[in-house]
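Undergrad: Could you have a look at this structure, given as structure tokens, before my questions?
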Amino acid sequence: MALRELSSLEKYLGLKKPNKYSTQGDKKVPVLQNNQGPPLVGLITIACHLVKEAKRSDLLGESAESRAVVQQWLEYRVTRLDGCTKEDSKSILKELNIHLQDNVYLAGNHFTLADTLMYYGIHPLIVDLTVQEKEQYLNVARWFDHIQHVPRLRHHLPPVAVLRNRIYTGRHH
Amino acid sequence: MKLFVSEGNPHCLKVLAALELTAVKCDVQYVNHEDKVVQFLSHPALPALLLPSGQQLFSANAICRYLFEVSGQNCNDHCNQWLEWEVTVLQPALLRALRSAVLQGKGSDVSQILQSPLNFLDQSLLKGGKPYLTGEAISVADVVLWAALHPILSDSSFTLGEHPSVKTWFDQVAAVHSCQSAVQKVLQGKGLQAMKSYMQRQPAPPNSQCRDAQPCNNNPAESEERQHSVSEEECEAAALTWSKGLSSCPPTDKQHPILPQEGKRNVLVTSALPYVNNVPHLGNIIGCVLSADVFSRYGRLRGWNMLFVCGTDEYGTATENKAREEGLTPQQICDKYHAVHSSIYSWFQIDFDFFGRTTTEKQTEIAQNIFWRLHEHGYLVEDTVEQLRCEKCQRFLADRFVEGTCPHCSYPEARGDQCDKCGRLINAVELRDPQCKVCRQTPVIRSSKHLFLDLPKLESQLEQWLEKSTSTGDWTTNAKQITHSWIRDGLKPRCITRDLHWGTPVPHPDFKEKVFYVWFDAPIGYLSITANYTNEWEKWWKNPQQVELYNFMAKDNVPFHSVVFPCSLLGAQDNYTLVNHLVATEYLNYEDTKFSKSRGVGVFGDMAKDTGIPSDVWRFYLLYVRPEGQDSAFSWADMAMKNNSELLNNLGNFINRAGMFVTKFFEGCVPVMELQREDKELLAVVGWELQQYIQLMDKVKIRDALKHILNISRHGNQYIQVNQPWKKIKGDESERQRAGTVTGVAVNIACLLSVMLSPYMPLVSQTIRDQLNAPQSCVYTMLQGGGTFVCSLSAGHRIGTVSPLFQKLEAEQIEALKKRFGGQQAPFQSTSSTPAAAPAAAIKVAAVEGGDSEKAEQLAKAVAEQGDKVRALKAQKAEKDVITAEVSKLLELKTQLAVAEGKNPEPTSKKGKKK
């Protein structure tokens, strides 16, 4: 899972040479072998490293404040979202829905790495939502749809139909 | 800028230390643990930092990063890595450790919980060779990790093993003045106790046994044993229960007809109706009838008022077709195969209260009644469907019975649903030059009116009911998921009529000559079969107040039981009993492939008895590998192993030894038992296993419950092994008495095992009780309430003749069976040539023929579905390799279909050999 995310991220960042990853432990924590130094371990760590390598540091936030906010949401992703139970997932969606009520992206007005990794991580949850639930988490749905249409981002994940457009009403819809 | 912190919160240590160390200017406000500073989070999160921009940070590590960055120290990769490790690995372990130490007073667990992360930290510091985590100077990583570990490492009462590098590093950070001052502010010199009120408010970590960096690959048996080390009170309680003896009045035997009774738990159990035209394979048997049988046997032992009904599903195209092939009437075909089914289930000792069929007058009566009620309430809508009709054969042609030229690629042998050459899906009416496959005449297009059940109109009622049923009943996870996804994809009206003859006639004058579609008709079979059992069937089926309904099935049947059939019943508005507990299994594979009749792979119901392996052993193994929660596989080698290790060496060995000791050393009379602490401990452990068994069985976790039976005999074997009654019997008076106690306790455990085994292996269970001459009332006593392990064979009780219960399965025997059922080289001929198989041979051959068209029908359906999937992917412009993978699956399915239809799988070949 994490490995596919990283390779999608690489493609999104336009990195020419795909990196080789391995995993460690029962939780399959990703490991990146690094020519310059010791291997890097952990999804966030590697993702941030790739962003810097691609010279896209803007994705990590453009000020100290937004950099901290980005890191906070990355942490939220790996601590709250990963391995969450059914119940957790409801409260996560609720929290994000309120947060995204007056934020375009997770870290405010700019698209960042936090949106990317949150999108990859939340995809399985969104896939399982019913149409009604998606309407209940309208802000999340809006954000999600927005992110999945960011060019070259989606890669390994199938698109999810998020918002229902009512063209006809009646029984044969 | 404002920082909100609370006292006694270890995360606040991090930020206060960082704040002082970086000397960033910021107001600090102390609040209570419950104060919600960050509004949108569901749980209060502290510390929290209100940034100048108005944004909020609610992660202690992000706050520390920010403070360090403002003061000019950025985080590099290495530093990121430590911070990520802290939140993902160290914190979950620390949370558990602090819970044990602060809330549960079990400081002794801390060392074991933290061992692995501390080792890792120690190694890393040693390898790094630097004073701090990321180099020569203190960084945000040092502050965060130090603060996280402070509550544990600064408390000398924990013995944590040797971590010299950690100690040096920790002391060095702790000596920093800012850190000391933060400790004072947060913990106020009270150490761990200061954290109590904070810890009490933390949600319990889910699944805390096995998360994160903890060595969770402990032998499960080992950790379980540690879990229930037995306390003095538990021992005494177990001894007290033991001394209570048997309850005096066993429930009366069941009397037909069984009807719901006031004041009892009335449980109606159904197993999915097997299709009559199809000899069931082991997967079918474990998925439906066997699982339902175990549960209803268990329920009867628990004293519930149970009714278990099932029957063959007999209407539909496949039967009509089969009849044509064999030159019989559909009714004759059904009669013939109903008998086949019946005999298979009786060999497997499936104890139906009634095994009926769907082709009865009651079926017509009830189905038509439901139909009229749906019609009256406006839940049926009319629509026109275009279909091909063969005038010569006088019937509408199902898609599989039309061939013609593909409208896309002009391949001349395209079928009514799909072209084998170009793979495109076809609507039968689009075929050029269509031909009836039976008589080769050209069919005509006729439009035909049909009735549809208006599922969208019933959707809100359905959802309301589902919400209640799934939350109060025991629905398996897959049942809930499948139902959920059906509803998520939106319900559409479903056609309930067909232009066929072999079915329940539609009573509406505008739809004469039509019958009900099987999916509408078949589940009504549960009702009509019950009606054929008793005239008072409505006491079960129109009585949701008194009756609990359990449906057993494999997962492919879920939508019809959870969505479609409930909609029929809800729309009929006649107070029907709807399913309360929907129990669906996953699939059972055969030696890592699928059961396949056309390829002769797998064991089918009628062949099991020819293997010479007793029905009880079959039941045991199928239940042992029951696909509960995930797919599982039947394997001969594994079956032999489980028979030899679990049944023979564990269970059978224990029961036999216990009985033999009574016979050999005590002249067949149960000796006097004087319980000591060790015996009481065993009683408590066995009692615990019994309780687990009951809890699991109540939730229909049939496979999991079986493991607890085997655990008990393991405990028993160990007990005998340790106490060596065969030696003690030769010793002095007190040793002889000890031998007596051990033997008496062991033989009583054997008696308990016979009771627990009864739903699984009815014959063996009865044999054990016969051998022990056990009173019948023991069966009812021990499964009451939460489980009561009583002494049912008291001193002086005379047991019967003891003999071995199981036989070894030899490797050669298993190899031979594996070969015989492995498929490919004409397996059926070899089956019928084995000597024991002679009487069953006729049935078997019939089964092969019957299998092919059914198999073909299934495959045709799979091909159609896979075709849809591929088209959908292409339409969505999915990744190329995803599409390629699905296309190759499609091709594989088509090849299988061709084989099943007796054709050469090469699409360019000439006419198939069939017929």
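Undergrad: Restrict the search to segment B:389-431; then list the GluC sites (Glu not before Pro) that DSSP places in a loop and that have at most 13 other Cβ atoms within 10 Å of their Cβ.
TA: Counting only loop positions with at most 13 other Cβ atoms within 10 Å, the GluC sites (Glu not before Pro) in segment B:389-431 are B:Glu391.
Undergrad: What shape does chain B have by the C-alpha gyration tensor, where a ≥ b ≥ c are the square roots of the eigenvalues, rounded means a/c under 1.5, and otherwise prolate means a/b greater than b/c and oblate the rest?
TA: It is oblate, given that a/c is not under 1.5 and a/b is not larger than b/c.
Undergrad: Counting other Cβ atoms within 10 Å, which trypsin sites (Lys or Arg not before Pro) in segment B:84-114 have at most 14 and lie in a DSSP loop?
TA: Of the trypsin sites (Lys or Arg not before Pro), the ones in loops of segment B:84-114 whose Cβ has at most 14 other Cβ atoms within 10 Å are B:Lys106.
Undergrad: Using 0.36 nm per residue, how much length does the chain from B:Arg871 to B:Cys495 gain when fully extended, once their Cα-Cα distance is taken away?
TA: In short, 133.0 nm is gained.
Undergrad: To continue, here is another question. Amide H neighbours of B:Thr312 under 5 Å, at least 5 residues apart or on other chains, H built in the peptide plane: list them.
TA: Correct list: B:Gly356, B:Arg357, B:Thr358.
Undergrad: Indicate the gyration tensor shape class of segment B:632-781 (rounded, prolate or oblate), computed on the Cα atoms with a ≥ b ≥ c the square roots of the eigenvalues: a/c under 1.5 is rounded; otherwise a/b larger than b/c is prolate and the rest oblate.
TA: Prolate, because a/c is 1.5 or more and a/b exceeds b/c.
Undergrad: Mind checking A:42-50 for the average number of partner chain beta-carbons within 10 Å of each residue's beta-carbon?
TA: Counting Cβ atoms of other protein chains within 10 Å of each residue's Cβ and averaging gives 5.
Undergrad: Within a 10 angstrom radius of each residue's Cβ in B:448-456, how many Cβ atoms of other chains show up on average? Whole number is fine.
TA: 1
Undergrad: What's the local net charge at B:Ser342, with K and R +1, D and E -1, over the other residues with C-beta under 15 Å away?
TA: -4
Undergrad: Here's another thing I want to ask about it. Set Lys and Arg Cβ to +1 and Asp and Glu Cβ to -1, take the dipole of segment A:1-149 about its Cα centre, and tell me which of A:Ser89, A:Leu15, A:His149 lies farthest positive.
TA: A:Leu15
Undergrad: So, one more: Treating the beta-carbon of each Lys and Arg as +1 and of each Asp and Glu as -1, no other charges, what is the dipole magnitude of chain B about its Cα centre, to the nearest 20 debye?
TA: 1320 debye
Undergrad: Hey, with R₀ at 41 Å, roughly what FRET efficiency would A:Glu62 and B:Glu34 work out to, going by the Cβ-Cβ distance, to 0.05?
TA: 0.70
Undergrad: Could you tally up the Lys pairs in segment B:1-141 with alpha carbons closer than 19 Å? Skip any pair fewer than 8 positions apart unless they're on separate chains.
TA: So the count works out to 4.
Undergrad: Averaged over its residues, how many other protein chain Cβ atoms are within 10 Å of peptide A:29-37's Cβ atoms?
TA: Neighbouring Cβ atoms belonging to other protein chains average 1 per residue here.
Undergrad: Here's something else I'd like to know. So for each of B:604-610, B:802-808, B:644-650, B:324-330 I average, over its residues, the number of other beta carbons within 10 Å; can you give me the resulting order with the highest mean first?
TA: Those peptides, ordered most packed to least, come out B:604-610, B:644-650, B:802-808, B:324-330.
Undergrad: Go ahead and collect, in residue order, the members of segment B:754-796 whose backbone nitrogen is under 13 Å from a label point 7 Å along the Cα-Cβ direction of B:Ser243.
TA: Residues passing the 13 Å test: B:791.
Undergrad: Separation between the B:Ile883 and A:Arg152 pseudo-spin-labels, each 7 Å from Cα along Cα→Cβ, expressed in nm?
TA: 2.1 nm
Undergrad: For B:Lys254 and B:Thr477, calculate 0.36 nm times their separation in residues minus their Cα-Cα distance, and state this gained length in nm to one decimal.
TA: 77.0 nm
Undergrad: Moving on. Counting Lys and Arg as +1 and Asp and Glu as -1, each charge on the Cβ, what is the dipole of segment B:226-371 about the Cα centre in debye, to the nearest 20?
TA: Dipole size: approximately 60 debye.
Undergrad: Now for a different question. Report, as a whole number in µm² per second, the diffusion coefficient that Stokes-Einstein gives for segment B:2-204 at 37 °C and 0.692 mPa s using the Kirkwood radius over alpha carbon pairs.
TA: Estimated via Stokes-Einstein, D reaches 191 µm²/s.
Undergrad: Same structure, new question: Counting DSSP beta bridges in the protein assembly as shown, what percent are antiparallel, to the nearest 5?
TA: 60 percent
Undergrad: I would also like to ask the following. Restricting to segment B:2-204, compute how many DSSP beta bridges are antiparallel as a %, nearest 5.
TA: In segment B:2-204, DSSP labels about 60 percent of beta bridges as antiparallel.
Undergrad: Regarding the protein assembly as shown, what are the three Cα extents along the principal axes, ordered largest first, in Å?
TA: That gives 96, 92, 56 Å along the principal axes, largest extent first.
Undergrad: If you filter segment B:428-457 for trypsin sites (Lys or Arg not before Pro), then keep DSSP loop positions with at most 11 other Cβ within 10 Å, what is left?
TA: The qualifying sites are B:Arg440.
Undergrad: Give me the percent of DSSP beta bridges within chain B that run antiparallel, rounded to the nearest 5.
TA: In chain B, DSSP labels about 55 percent of beta bridges as antiparallel.
Undergrad: Additional query: Beta carbons within 10 angstrom, averaged per residue: use that to sort the peptides B:743-755, A:2-14, highest first.
TA: Result, highest mean first: B:743-755, A:2-14.
None of the figures in this text is laboratory data; all of them are computed from the coordinates on show. Note that the structure is predicted; figures quoted are calculated from it, not measured. Note: ideal-geometry Cβ built from the backbone for every residue, glycine included; neighbour counts use all protein chains shown.
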